[in-house]
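Single-structure report; data block below.
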Amino acid sequence: QVQLVESGGGLVQPGGSLRLSCAASGRIFSINAMGWYRQSPGKQRELVAAITDSGSTNYVDSVKGRFTISRDNAKATVYLQMNSLKPEDTAVYYCNLRLRKLAIVPPTDYWGQGTQVTVSS
């Protein structure tokens, strides 16, 4: 079994910062891409940021320059540093890891449980 545990969400004022973490545990052979998605009421889930196993990153335009994704392979953990937060960043944030449990099986997507981020004064 593979489990992803997210932490770091909460309530923050506009202009503030939060750091999300997502730690994977269980039987893991390798982790390919890691990413963060978000979903707010009435909207589709969107990709916020992603990082490949080689460290390449990409971001949705609305967070470029404000959010930074990083990973610690030794800890099987992905982070999302969110600065200069805006009310429109309010959403439930989900981590996604594409990983292999064994070398002989194709990679599979795993999701965290979601963590609420609320930006409000």
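Listed values, structure above:
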read-out	value
Theoretical gain in end-to-end length, residue 47 to residue 118 [0.36 nm per residue, Cα-Cα removed]	23.8 nm
Contact order normalised by residue count of the range 75-114, Cα under 8 Å, 6+ apart, percent	34
Inter-part distance where the range 92-121 and the range 35-75 are each reduced to a Cα centre, Å	11
Accessible surface of the chain [probe 1.4 Å, protein heavy atoms]: carbon and sulfur percent	48
Nonlocal Lys pairs with alpha-carbon distance under 22 Å, the chain (8 or more apart, or different chains)	4
Mean Cβ neighbour count within 10 Å, used as a protection proxy, ranking 54-66, 23-35, 88-100 highest first	88-100, 23-35, 54-66
Descending Cα extents along the principal axes, the range 82-121, whole Å	50, 18, 10
Percentage, to the nearest whole number, of Cα pairs in the range 30-86 over 14 Å apart	55
Order by protection proxy (mean Cβ within 10 Å, highest first), peptides 77-84, 105-112	77-84, 105-112
Rh by Kirkwood over Cα pairs, then Stokes-Einstein D for the range 52-114 at 1.306 mPa s and 10 °C, µm²/s	116
Whole-number accessible area per residue in Å² for the chain, which is evaluated in the context of all protein chains at 1.4 Å	54
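The values are calculated or read from the model by the stated rules, or taken from the named source; none is laboratory data. Since this is a predicted model, take the numbers as computed values, not measurements. Cβ sites come from the backbone with ideal geometry, for glycine too, and all protein chains shown count toward neighbours. Heads up: the accessible areas ignore ligands, DNA and RNA and are worked out on the full protein's heavy atoms, side chains in. Shrake-Rupley method; radii C 1.70, N 1.55, O 1.52, S 1.80 Å.
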